[in-house]
Amino acid sequence: MATLLIVEDEPDVRELVRMNFPEDEWEIFEAADGLEGVRLAREKLPNVILLDLMLPEMDGFGVFAELKKDPATECIPLIMLTAKSLEEDRILGLGLGADDYVTKPFSPKELVLRIKNLARRTERGQGGVFVAGPFRLERTTLKFSLLDEVIDLTATEFKLLLILIENAGREQLRGDLLRRIWGYDERIQTRTLDTHVKRLREKLGVYGDCIETLRGVGYMFRPLPTE
């Protein structure tokens with residue numbers, strides 16, 4: 001049974017999310033403030049955390065910091081939930097380590113899909129290993145295998161490929177990739193990302209075409225037929 005922790009101070013929002021998950025497949029934990037959210041995250045170690053930014057006791061950014069510095073919770077996939085649609089909030093949250101973000105009001109069906117996708121990532125990524133079709137990435141050793149053949153990647157290439165594959169089918173903005181991988185300000189003009197993508201495509205051989213260029217936007221990894 002998959003588990004979800006909802007850290008949200010509005011009961012109606014928690015209820016809306018909970019009612020969209022079948023009780024026989026999902027166990028839902030709820031916290032109405034940030035401190036309780038941190039406690040439950042450490043106690044329950046859920047597959048996914050849905051975290052509101054505006055919370056009593058401790059705001060969402062404080063919760064982020066607590067979870068990311070704890071080895072037991074730092075790798076739990078996390079989705080930000082906020083009424084704020086300002087780009088600065090999204091950038092800050094993603095920079096702290098959030099995997100995704102959703103702004104209120106939101107589509108329950110879309111939110112459920114995003115949560116389930118992250119839950120599958122947790123299952124496939126247990127033990128620090130992420131497997132997707134013919135791709136196998138070992139986070140602790142930075143070892144990458146394609147069709148059981150080990151391919152040498154630099155640490156940066158490994159991180160870039162992992163981000164793209166984990167988010168297969170979803171566009172990854174240039175600014176977000178530059179910030180998450182290199183720590184660059186998105187206003188910096190650089191061809192660093194494009195150079196790494198080119199090298200990565202070459203190393204992937206026939207699978208290099210899976211990395212699609214979205215002109216003026218960024219890149220996207222095409223979903224694999226076996227997924």
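Read the figures in this text as sums done on the coordinates, not as results from a lab. If you're wondering where the values come from, they're calculated on a predicted model, not measured in any experiment.
Descriptive notes on the structure:
- Lysine pair count for the chain (Cα-Cα distance under 24 Å; residues 8 or more apart in sequence or on different chains): 18.
- Whole-Hz Karplus values for segment 33-44 come out as 8, x, 4, 5, x, 4, 4, 5, 4, 6, 7, 9 Hz, taken residue by residue from phi with 6.51 cos²θ - 1.76 cosθ + 1.60 and θ = phi - 60°; glycine and proline positions read x.
- Considering the chain at the alpha-carbon level, its Rg and Dmax are found to be 17.9, 52 Å.
- Between amide H atoms placed 1.01 Å from N, distances below 5 Å from Tyr101 occur with Met80, all of them 5 or more places distant or on a separate chain.
- Within the listed set Met54, Met19, Met80, the residue fluctuating most in the Gaussian network model of the chain (springs between alpha-carbon atoms under 10 angstrom) is Met19.
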